[in-house]
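Below you'll find the structure, written out as C-alpha cells, and then a few comments.
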Amino acid sequence: MCVILDSGRVDIGHDVVLGPGVQVYTPQHPLDLVARATKVVTAPSVRIGNNVRVGGGAIILPGVRIGNGVTVGAGSVVTKDVPNNVVVAGNPARIVKHL
C-alpha cells in the first residue's frame, strides 16, 4: 500500500510504477517555532514524470519534481528535483547512474 498525502497537487505521469510502501508527501510544516505556532501548513506540489519506477519504501518529499525515465531505488528519500533518465538512491537520494 502506498501513501499519498495530497494537501497539494500530485501529478503522476504515464507508465509509472510505485513499489509497496512508497510515500509521497505534499504537506510542509514550518521550521520556525513562531510560524509553527500559527498552525499554517504549506503544500508544495509533487510531479512524477513518465516511465518512472519508484522502489518499495521510497519517500518523495514536498515540492520535488522527478523527471521522465527515472528509477528511484528502494528506501530512498527524494529531497530534491531529479533530472530525466537517471537512477537515484540513498538518503538523501543522489544520482548513482545516468541512463
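What the table below lists for this structure:
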item	result
Charge sum, other residues only, whose C-beta stays under 9 Å from Val64's C-beta, Lys/Arg counted +1 and Asp/Glu -1	+2
Farthest positive-ward along the chain dipole, Cα basis, beta-carbon charges - from Val52, Ala74, Ala89	Ala89
Long-range HN-HN contacts of Ile12 with modeled amide H, under 5 Å	Ile48
Surface/4 of the Cα convex hull for the chain, nm²	6.0
Length-normalised contact order of the chain in % [C-alpha pairs under 8 Å, at least 6 apart]	22
Percent accessible area from carbon and sulfur atoms, the chain, protein chains only, probe 1.4 Å	57
Where Ser7, Ser45 fall by accessible area, highest first, once all protein chains stay in place (1.4 Å)	Ser7, Ser45
Heavy-atom accessible area per residue - the stretch 1-77, 1.4 Å, Å²	54
Extension gain, His98 back to Val3 (0.36 nm per residue minus Cα-Cα distance, nm)	31.4 nm
DSSP-defined beta bridges in the chain - what % are antiparallel, rounded to 5	20
Accessible surface ranking that places the most exposed of Thr38, Thr26, Thr79 first, with a 1.4 angstrom probe	Thr38, Thr79, Thr26
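The values are calculated or read from the model by the stated rules, or taken from the named source; none is laboratory data. No experiment lies behind these values; they were computed from the predicted model shown. Heads up, the Cβs are rebuilt from the backbone with ideal geometry, glycines too, and the neighbour counts pull from every protein chain shown. Protein only, heavy atoms only, side chains kept; ligands, DNA and RNA dropped before computing areas. Shrake-Rupley method; radii C 1.70, N 1.55, O 1.52, S 1.80 Å.
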